[in-house]
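Some notes on the structure that comes next.
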Amino acid sequence: MSENNKIKASDLFVQALAAEGVDHIFAVPGEENLDMVESLRNSSIKLVLTRHEQGAGFMAATYGRLTGKTGVCMATLGPGATNLSTPAAYAHLGGMPLLMITGQKPIKKSKQGQFQIIDVVGLFDPICKLSKQIVHGDTIPSLVREAFRLSEEERPGAVLLELPEDIAAEDCTEHVMKPHKRYYASPSEVSIKEAVTLIKTAKMPLILIGAGANRQNVRAAMCDFVHSTRIPFFVTQMGKGVVDERSNLFLGTAALSAGDYLHCAIERADLIINIGHDVIEKPPFFMEEGGKKVIHVNYKSAQVDQVYFPQLEVIGDLAASVETLKEKLGGEVKFDRSYFDMIKHAIDVHIEEGANDARFPIIPQRFVADIRKVMGDKDIIALDNGIYKIWFARNYKAYQPNTVLLDNALATMGAGLPSAMMAAMLNPSQRVMAICGDGGFMMNSQEIETAIRLGLNLVVTILNDSSYGMIRWKQASAGFEDWGLEFNNPDFVKYAESYGATGHRVTCAEDIIPTYEKAFSTGGVHLVELPVDYSENQKVLIDELAQKVCLI
């Protein structure tokens, strides 16, 4: 082979990434990544430095979530790689295509013994669709192509390629593989026919929309299906926004697994058409032997669980399945909707309770209602993890797909800010807000510097109760003493200003909307501190729900 046909392995790696359409890599590089850094310097791919590997991983995973294309992040060996384990699990459970590139000491000859060396490939194998060390530069094109194929193929998830330092620097043969368009199979005629029969003979059918329908551009087909059949629908937390939730057919979000107002309708239903949901997301309801029937409509067959064992599966391209079902049903499905209408009215009234409450510190119903007023149809909120996630899932109606970014799979703290940053990068014309508890915000608050360096327009809400609020609520509901879960916070206004952001502290409920409008109109990065009162958690989510009566 002529020397003219040789190329450095790291250059070949970057060329392979560019061939896949990669435009950004989010990274905290180490010395083992320096060949990759140099190769990126001479490429069209932008290197985005973050302040922690978690920030890089969460941003890359959110890129995958919002675009359907693989997000890419990079870290060094040892602690750099282990810091990507949480984003890997986040993408693995959340169905987000993510490629992690990690460095490693030379594998052919090294004078550093076992310094910093752990089995990264083995560590990540249980939470990745592919975890592999590159042992020769000539294998890079095929491994990159396979990594992208697996990460994006339903169900999407994380993959890892480890590039040792000596392999990155070696010469190899230049040959890049081009990606090709992927097509999913259409559902079988038999499954469609059986599904149509079940739907037409049902007395009280409901549609459930899950996270899978928030991928692969399913919105148009789902909207046509819902409004053609006129079957009421509800959503999982990660299925919000696939169909506009202002629809008169929308019953609500299953923010809890049981016992909510919505579950009165679920208990009455004799058939649930479950579109795009799987058991990785927290259960929206519990199945029981001899109870309602469930049709599983998804790209892949159902993972059977103690609380999920569908009687019929329609497997194939989700949009094609839904479109075919709509055509075969031939229009509106006739049944008595009066009970579902009654439940919808009760839920709508319940959501409005407290929406104008002037108490301070602010109760959840008020800040959710005010944030909904501030955000437009296509504007995006990205939630960290905490008790407020339940309030937003229940009370905040989503109008477009992926405008409510929350994690109901791994449910990790610390992802809200980096996820919002990625959303702001991809949607510069939309308002984007990160919504974080004080605990979750401080886990990756250093990424405020990254947001400012990237020139993002972003508002970060910090819900301040000086404690790990959700666990404190669980502690109280379990009958334990209120102990061990409170902490002190920095002055968030000064903290924001120390990075060069603008800080705001809301001092009364009436100031919420004006503060947000000022922040969004000014542009740049803003932190808004909202002192919150979570006493409504016990009253509304425990006591009132326990007292409700379903007319089954």
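The values are calculated or read from the model by the stated rules, or taken from the named source; none is laboratory data. Since the model is a prediction, treat every value here as computed from it, not as a measurement. Counting neighbours? That spans all protein chains shown, and the Cβs are built from the backbone with ideal geometry, glycine included.
Is segment 194-214 home to any residue that is free of Cβ contacts under 8 Å to residues at least 40 places away in the same chain and in the same structural domain as Leu77 (by TED's automatic domain parsing)? No, because not a single residue in segment 194-214 is free of Cβ contacts under 8 Å to residues at least 40 places away in the same chain and in the same structural domain as Leu77 (by TED's automatic domain parsing).
Whether a residue is in contact with a Phe, Trp or Tyr (Cβ under 6 Å, 6 or more places away or on another chain) and at pLDDT 95 or above was assessed, and Pro232 passes this test.
Checking Pro401, Pro364 one by one, the residue that is out of contact with any strand residue (DSSP E or B) (no Cβ under 6 Å at 6 or more places or on another chain), farther than 21 Å from Cys223 by Cβ and modelled with pLDDT of 95 or more is Pro364 and no other.
The residues listed here are Val28, Val14, Val22; of these, the one that is touching a residue at least 12 places away in the same chain (Cβ under 8 Å), crowded, with 16+ Cβ neighbours inside 10 Å and touching a His at 6+ places or on another chain (Cβ under 8 Å) is Val28.
So, of the residues in segment 42-61 that are hydrophobic (A, V, I, L, M, F, W, C) and in a helix (DSSP H, G or I), which turns out to be surrounded by the fewest Cβ atoms within 10 Å (Cβ to Cβ)?
Filtering segment 42-61 for residues hydrophobic (A, V, I, L, M, F, W, C) gives 45, 47-49, 56, 58-61.
Subsequent filtering for residues that are in a helix (DSSP H, G or I) retains 56, 58-61.
Numbers: Ala56: 31, Phe58: 36, Met59: 27, Ala60: 32, Ala61: 34.
Once the filter is applied, the top-ranked residue is Met59.
Could you check how many residues of segment 431-446 are of a type in the set (S, T, N, Q) and without any contact (Cβ under 8 Å) to a residue 60 or more places away in the chain?
Number satisfying all stated conditions: 1.
Would a scan of segment 318-328 turn up a residue that is touching a Pro at 6+ places or on another chain (Cβ under 7 Å) and closer than 26 Å to Leu545 by Cα? No, the conditions are met nowhere in segment 318-328. Taken together, Leu318, Leu325 contain a single residue that is among the hydrophobic types (A, V, I, L, M, F, W, C), closer than 15 Å to Ile192 by Cβ and over 25 Å from the mean Cα position of the chain (by Cα), which is Leu325. Taken together, the criteria exclude Gly276 from residues that are over 30 Å from Pro418 (Cα atoms) and of a type in the set (Gly, Ala, Ser). Being surrounded by fewer than 20 Cβ atoms within 10 Å (Cβ to Cβ), over 16 Å from the mean Cα position of the chain (by Cα) and of a type outside the set (Ser, Thr, Tyr) is true for just one of Asn33, Asn83. Which residue is that? Of Asn33, Asn83, the one residue that is surrounded by fewer than 20 Cβ atoms within 10 Å (Cβ to Cβ), over 16 Å from the mean Cα position of the chain (by Cα) and of a type outside the set (Ser, Thr, Tyr) is Asn83. Taking segment 227-248 as the range and being touching a Ser or Thr at 6+ places or on another chain (Cβ under 7 Å) and part of a helix (DSSP H, G or I) as the test, only Gln237 passes. Contact map, segment 114-136: residues that are within 20 Å of Thr70 (Cβ to Cβ) paired with residues that are aromatic (Phe, Trp, Tyr), Cβ distance under 6 Å, separation 6+ or inter-chain. Pairs shown: Ser131/Phe124. Does at least one position in segment 478-492 carry a residue that is of a type in the set (S, T, N, Q) and within 22 Å of Leu262 (Cα to Cα)? No, that holds for no residue.
For segment 321-350, name all the residues that are in contact with a strand residue (DSSP E or B) (Cβ under 8 Å, 6 or more places away or on another chain) and in a helix (DSSP H, G or I). If the condition is that a residue be in contact with a strand residue (DSSP E or B) (Cβ under 8 Å, 6 or more places away or on another chain) and in a helix (DSSP H, G or I), then Ser321, Val322, Leu325, Phe340, Ile343, Lys344, Ile347 are the ones that fit. Among the residues of segment 62-74, those identified as closer than 11 Å to Pro418 by Cβ and not in a strand (DSSP E or B) are Thr62, Tyr63. Figure legend. Inter-residue proximity from segment 235-264: first residues farther than 18 Å from Lys389 by Cβ, second residues β-branched (Val, Ile, Thr) and part of a strand (DSSP E or B), beta-carbon distance below 6 Å, spacing 6+ or different chains. Indicated pairs: Val242/Ile209.
Tally up the residues in segment 351-385 that are among the hydrophobic types (A, V, I, L, M, F, W, C), in contact (Cβ under 8 Å) with a residue 40 or more places away in the chain and part of a helix (DSSP H, G or I), please. Within segment 351-385, residues that are among the hydrophobic types (A, V, I, L, M, F, W, C), in contact (Cβ under 8 Å) with a residue 40 or more places away in the chain and part of a helix (DSSP H, G or I) number 4.
Check whether at least one residue in segment 149-158 is loosely packed, with under 15 Cβ neighbours inside 10 Å, out of contact with any His (no Cβ under 9 Å at 6 or more places or on another chain) and modelled with pLDDT under 95, and report yes or no.
For segment 149-158, residues loosely packed, with under 15 Cβ neighbours inside 10 Å, out of contact with any His (no Cβ under 9 Å at 6 or more places or on another chain) and modelled with pLDDT under 95: absent.
Filtering Ala147, Ala185, Ala158 for residues that are under 30 Å from the mean Cα position of the chain (by Cα), farther than 18 Å from Leu17 by Cα and not basic (Lys, Arg) leaves a single hit, Ala185.
Okay, residues lined up against (1) in contact (Cβ under 8 Å) with a residue 40 or more places away in the chain; (2) farther than 22 Å from Thr403 by Cβ; (3) under 13 Å from the mean Cα position of the chain (by Cα); (4) not assigned by TED's automatic domain parsing to the domain that holds Ile127:
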position	(1), (2), (3), (4)
Leu49	yes, yes, no, no
Glu53	no, yes, no, no
Leu66	yes, no, yes, no
Cys73	yes, yes, no, no
Pro79	no, yes, no, no
Tyr90	yes, no, yes, no
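Can you find a residue in segment 258-278 that is loosely packed, with under 15 Cβ neighbours inside 10 Å and closer than 23 Å to Arg219 by Cα? No; the residues of segment 258-278 include none that is loosely packed, with under 15 Cβ neighbours inside 10 Å and closer than 23 Å to Arg219 by Cα. Within segment 290-307, the set of residues being assigned to a strand (DSSP E or B) and either touching a Pro at 6+ places or on another chain (Cβ under 7 Å) or closer than 19 Å to Glu189 by Cα (or both) comprises Val294, Ile295, His296, Val297, Asn298.
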